[in-house]
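The values are calculated or read from the model by the stated rules, or taken from the named source; none is laboratory data. Predicted model only: the values in this text are computed from it and were never measured. Cβ placement follows ideal geometry from the backbone for every residue including glycine, while neighbour counts extend to all protein chains displayed.
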Amino acid sequence: MAEASYPDDLLYHSEHDWARVDGDTATFGITWYAQDALGEVVFFEAPKLGAQIVKDESYTEVESVKAVSDVIAPLSGEIIEVNTALGDQPETINEDPYGEGWLIKVKLADPSEAESLMDAAAYQATLA
Amino acid sequence: MFSSSETDLRRTPLHARHAAAGARLVPFAGWLMPVQYTGIREEHLAVRTGAGIFDVSHMGQVETRGPDAQAFLQHLLSNDLRRLPEGGAQYSVMCNEDGGVLDDLFTYRLAECHYLTVTNAGNHERDFAWMITQAESFDVDVIDRLADFAMLAVQGPLARDLVSRLTDGALPRRMRCCQRDLARVPMLVGGTGYTGEDGVELMLEPERAPEVWDAIVAAGAVPAGLGARDTLRLEVCFHLYGNDLSESRGPIEAGLGWCCKEQTGFIGSEAIAGVRAAGPEERLEPFVIEGPGIARAGNPVIGGGEVSSGTFSPSLERGIGMAYLPVLRAPPGTRIEIDVRGTPRTAVVEKKPLYRKGN
């Protein structure tokens, strides 16, 4: 997607990740800024179902032609779903970073962790 | 994560063009250079199927002229300068006494006693200082011309057609060069490149570079950045100094023995002849990753060896690269395991080049 966007219904982590929290589960992905900085994503290493991930720590990698980048967990929890479609079409992360380009779904270990994340306006302020 | 300082970086005469085109600009060897405009893959495929234009003005030039010009360059450069005719271009390496590679370079012979040698941006100052030091016993003038030239590369199967429509005469064949006016701007045109495609490289007055760029883009060439330049060159296994070449390794292990003519007695030739005779302990060979994953420079090869360049190949849609491998494990067809940040990835050693027309 060509134009920068930061949906208001998401929470943002300073390492350019987003979380869509729904009760005690959440969907994670990378932000428009991250996919734009990375360039065309050509490889997404799907993490394992059931893996425990920790807020602020890397849980997988995305690679563009030029670079590899860690993906940081915005919240802690257990991976309950992985976007396996990205294996064949990793460029979906560029085309639709907040929709079809989601990375994983997580059962949150502590939903109150979300209080530390930023809203869209605060996140965009960090990019200025 | 993605920040970079833009202070103290040199800008090419085409900086405003890149900025206006929305290029992503990154520091490279002390320069602020466009890594991509619309996307590496798109630019890469444009060069493979049509024509792309690269700003490579960060590359340096050293002019050598005088009665001893040929003898002087023969003392420094690995190839046989007697085989470089007037109006020709020749690839060579420049080595230290130990046979370590200081740079890989194209030299254009402009006239009988007049040469222009193109340096890599990151090596230019060292190269020039080395050349000046070595020039003392020769009757030559060695002149730093980096600031006097912009350099453009127009590459791709349609590049020559496109450029020739703007030029006042025939373009030089491959590995030749000549003076031409292009879009009414005088320049040196070389039938050289770094993409594995046909095309030309242009060296001209920096002040005239924007109008030439505009004319070539208007004629249909797609602006392509350093990102595509890297994927294109790696698909055809051209070396990148700093990755695949360094002072700590020699040209024989790098697979550049073909441009080393030790009988000419250039600096480093004795060491290189020794390695050639004894056989190197390791060799630079290309590989393709079998499954998913992309190896990167510095990744170790399990059991010995190291990746010197690695990327995703837009043409092959696989991870590709080159690695220094122990000779026993260097033959094409050998399976190797590369430690890609903790994950072993199986790759197969291949023959050069990894990409051929019609693949």
Here's a check for you: in segment A:86-101, which residue that is within 14 Å of chain B (Cβ to nearest Cβ) and either β-branched (Val, Ile, Thr) or free of Cβ contacts under 8 Å to residues at least 40 places away in the same chain (or both) is nearest to A:ARG20 (Cα to Cα)?
A:ILE93
Of the residues B:THR12, B:THR7, B:THR64, B:THR49, only one is surrounded by fewer than 19 Cβ atoms within 10 Å (Cβ to Cβ), of a type in the set (Ser, Thr, Tyr) and modelled with pLDDT of 95 or more; which?
B:THR49
Scan of segment B:332-350 for residues that are away from chain A (no Cβ under 14 Å) and not in a strand (DSSP E or B), ordered by number
B:PRO332, B:GLY333, B:THR334, B:GLU350
Out of the residues in segment B:272-294 that are part of a helix (DSSP H, G or I) and surrounded by 15 or more Cβ atoms within 10 Å (Cβ to Cβ), which is nearest to the chain's Cα centre (by Cα)?
B:ILE272
Only one of (1) of a type outside the set (Lys, Arg); (2) in a strand (DSSP E or B); (3) surrounded by fewer than 17 Cβ atoms within 10 Å (Cβ to Cβ); (4) away from chain B (no Cβ under 14 Å) is not met by A:ASP70, so which one is it?
(4)
If I ask for residues that are in a strand (DSSP E or B) and touching a Lys or Arg at 6+ places or on another chain (Cβ under 8 Å), which ones from segment B:61-70 would you list?
B:GLN61, B:VAL62, B:GLU63
Looking at (1) surrounded by fewer than 17 Cβ atoms within 10 Å (Cβ to Cβ); (2) closer than 26 Å to B:PHE312 by Cβ; (3) within 14 Å of chain B (Cβ to nearest Cβ), which is the one condition that is false for A:ASP56?
(2)
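Matching residues to (1) of a type outside the set (Lys, Arg); (2) closer than 30 Å to B:VAL185 by Cα; (3) surrounded by 23 or more Cβ atoms within 10 Å (Cβ to Cβ):
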site	(1), (2), (3)
B:GLY220	yes, yes, no
B:GLY225	yes, yes, yes
B:SER248	yes, no, no
B:GLY265	yes, no, no
B:ARG296	no, no, no
So is B:GLU253 within 14 Å of chain A (Cβ to nearest Cβ) and not small (Gly, Ala, Ser) or not?
no
Starting from residues that are within 14 Å of another protein chain (Cβ to nearest Cβ) and more than 18 Å from A:GLN52 (Cα to Cα), keep the ones in segment A:14-28 and report whichever is surrounded by the most Cβ atoms within 10 Å (Cβ to Cβ).
A:HIS16
Being assigned to a strand (DSSP E or B) and out of contact with any Asp or Glu (no Cβ under 7 Å at 6 or more places or on another chain) narrows it down to one of B:VAL118, B:VAL93, so name that one.
B:VAL118
Selected residue [at positive phi and either in contact (Cβ under 8 Å) with a residue 60 or more places away in the chain or among the basic types (Lys, Arg) (or both)] from B:GLY156, B:GLY122:
B:GLY156
Restricted to segment B:177-203, and to residues that are touching a Phe, Trp or Tyr at 6+ places or on another chain (Cβ under 9 Å) and surrounded by fewer than 22 Cβ atoms within 10 Å (Cβ to Cβ), which residue is nearest to B:VAL47 (Cα to Cα)?
B:TYR194
Would you pick out the residues in segment B:303-317 that are of a type outside the set (Gly, Ala, Ser), farther than 21 Å from B:SER246 by Cα and in contact with a Pro (Cβ under 9 Å, 6 or more places away or on another chain)?
none
What about B:SER269, is it modelled with pLDDT of 95 or more, under 16 Å from the mean Cα position of the chain (by Cα) and away from chain A (no Cβ under 14 Å)?
no
For the subset of segment A:77-128 comprising residues that are polar (S, T, N, Q) and surrounded by 15 or more Cβ atoms within 10 Å (Cβ to Cβ), which member is nearest to A:ALA34 (Cα to Cα)?
A:ASN94
